[in-house]
Amino acid sequence: MAQGVATQAAITRGDNSPAINVGNGDVRVTYFGVDAGTLRKLLAGVLALLLIGAMILAVVSFTRQKLEQVVPEIAGQVAEVNLAGEARHTEQMAAILTLRDQVARDRGVDPEVLRPLFEHLGQLALSPSEMRARAQEAITAILSRAQQPPPTTLGADIAAVIVEARRRLGRLDTAGALAGLTAKLAEEEAARRQRLFPLMREKAAIERLTYAHAAAKATLGQVLALAPDDVRAAIELGDLHVTTGDLTAALRSYRDALAIAERLASADPGNAGWQHDLSVSHNKTGDVQVAQGDLAAALRSYRASHDIFERLASADPGNAAWQRALSVSHGKIGDVQRAQGDLTAALRSYRASHDIFERLASADPGNAAWQRDLSVSHSKIGDVQVAQGDLVAALRSYRVSHDIFERLASADPGNAGWQRDLMVSCVRLAGAAPQEAQMRLTRALGIARDLAANGRLAPVDAGMPADLERRLAALGG
């Protein structure tokens, strides 16, 4: 070969035998393309790993063998300790009972009356001699107290309980003495609650009347602490939270009321009062859910309330209060259905409500409240008919409603509520009968101005006079 020219030759075979590479004076042997030096290092690493694995397996095997030997020994030792402990406890209890029986014989009493004393002494880790000494000290003190007369300033009933307790102490019957005192304390606590309860309810009522809402909430909280089953106090607390705008707290209070009412109603299913409170709790819960925009939950609450009132009304058809409550529940369900856009269902609910109000109003035409209920039911039916596009039917419903409001307002001109109802009815008719709009809005404006001039216009209607003026101006009136 010429100088300076690198030469390379490879000698290979067709099988997996090593390849010999010759080049530039070097000779390299490769296996599968890996030179022998690198292959030796790889093999050495593999052998090292195998050796470590074998050592780990050996350690694990040795440890397992040792544990198999040691665990039963430890378990046996623990069992022995437990058995020894149980034996010592049994011996100690036997010694205490023996000592108790000896002291009872010495005192001439039933060993059972000394049970509480020796049970407590047994918890003090005393030696038998120390326990005997403590027991004798206690018995001497008990008998000494038994001889003391009760204070003369006590009431006769309390003095009698103390006299009986000390009579029992004279027989070393401490358990009997404590039982009598505990019963009297419970009786006195119950009597105290009974005396405080009406005072606190009256206080809360006056605080509510004077808009002292925070104070009324605190007082109702105290009422519930004294009487945890006072469902009406829980409802009133929820009402206060609604008044102050705290719907979350209101919902919590109404649910507390619901839990109380459910418990009472379950304990006495035939008690109509508990059933009424349960229905009212569902109803109040639904009111808050509507205000929070949770219409699906509100509908469930209203239906639960309705089902209860339906049972009450069916059981006592002559009870006008149950009948009215059932009618109101139909109306609330209809309100939610209308808000959900289910106008067909809403109209059905409003008509069911109307039918009951119509029967009540017919049975007692002089009852202004029931006449108003009937008028409102006509208005609600008219509202749905407007939404359905049935303006002829809606106008008919509004006119019937308006005639009732007209009679109520004429019969009691000083009733701001009746006057407001008549004003709103005029506005409804103006919308349903455009040809009457100017006349109806003029009448409504006159009522609004009169209420405002006499300081009887509700705050929610403060903008009504100006709004009616704008609407009349738009009509050219």
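Take the conditions (1) exposed (fewer than 15 other Cβ atoms within 10 Å of the Cβ); (2) farther than 22 Å from Ala387 by Cβ; (3) of a type outside the set (Lys, Arg); Gln340 misses just one of them, which is (2).
Identify, from the list Asp294, Asp307, Asp277, the residue that is crowded, with 16+ Cβ neighbours inside 10 Å, more than 24 Å from Arg372 (Cα to Cα) and modelled with pLDDT of 95 or more.
Just a single option satisfies the conditions, and that option is Asp277.
Could you please let me know if Asp403 is in contact with a Phe, Trp or Tyr (Cβ under 7 Å, 6 or more places away or on another chain), surrounded by fewer than 16 Cβ atoms within 10 Å (Cβ to Cβ) and of a type outside the set (S, T, N, Q)? If you could, list the steps in order and put the result at the bottom.
Working: in contact with a Phe, Trp or Tyr (Cβ under 7 Å, 6 or more places away or on another chain): no; surrounded by fewer than 16 Cβ atoms within 10 Å (Cβ to Cβ): yes; of a type outside the set (S, T, N, Q): yes.
No: the conditions fail for Asp403.
One residue is enough: does region 440-460 have a residue meeting the conditions assigned to a loop (DSSP other than H, G, I, E, B) and acidic (Asp, Glu)? Within region 440-460 (the criterion being assigned to a loop (DSSP other than H, G, I, E, B) and acidic (Asp, Glu)), the answer is no, since none of the residues qualifies.
Can you spot a residue in region 249-265 that is within 18 Å of the chain's Cα centre (by Cα), within 21 Å of Ile206 (Cα to Cα) and surrounded by 16 or more Cβ atoms within 10 Å (Cβ to Cβ)? Yes, that holds for at least one residue.
Checking region 223-231 against the condition returns no match, with no residue being in contact with a Gly (Cβ under 6 Å, 6 or more places away or on another chain) and free of Cβ contacts under 8 Å to residues at least 40 places away in the same chain. Take the conditions (1) under 27 Å from Leu312 (Cβ atoms); (2) in a helix (DSSP H, G or I); (3) of a type in the set (D, E, K, R); Lys217 misses just one of them, which is (1). Taken together, the residues in region 176-200 that are small (Gly, Ala, Ser) and either touching a strand residue (DSSP E or B) at 6+ places or on another chain (Cβ under 7 Å) or loosely packed, with under 15 Cβ neighbours inside 10 Å (or both) amount to 5. Does Ser362 count as surrounded by 21 or more Cβ atoms within 10 Å (Cβ to Cβ), assigned to a helix (DSSP H, G or I) and among the small types (Gly, Ala, Ser)? Spelling it out, it is not the case that Ser362 is surrounded by 21 or more Cβ atoms within 10 Å (Cβ to Cβ), assigned to a helix (DSSP H, G or I) and among the small types (Gly, Ala, Ser). The single condition from (1) touching an Asp or Glu at 6+ places or on another chain (Cβ under 6 Å); (2) outside any helix (DSSP H, G or I) that Phe405 fails is (2).
The set of residues in region 308-342 being of a type outside the set (A, V, I, L, M, F, W, C), within 20 Å of Pro269 (Cα to Cα) and in contact with a helix residue (DSSP H, G or I) (Cβ under 8 Å, 6 or more places away or on another chain) consists of Glu310, Arg311, Asp316, Pro317, Asn319, Gln323.
Would you say Pro413 is over 43 Å from the mean Cα position of the chain (by Cα) and farther than 23 Å from Arg471 by Cα?
Details: over 43 Å from the mean Cα position of the chain (by Cα): yes; farther than 23 Å from Arg471 by Cα: yes.
Criteria met by Pro413.
Taken together, Ala125, Ala146 contain a single residue that is under 51 Å from the mean Cα position of the chain (by Cα), aliphatic (A, V, I, L, M) and either surrounded by 11 or more Cβ atoms within 10 Å (Cβ to Cβ) or under 22 Å from Leu185 (Cβ atoms) (or both), which is Ala146.
The values are calculated or read from the model by the stated rules, or taken from the named source; none is laboratory data. Quantities reported herein were computed from a predicted structural model and do not represent experimental measurements. As a convention, Cβ positions derive from the backbone with ideal geometry for all residues, glycine included, and neighbour counts pool all protein chains shown.
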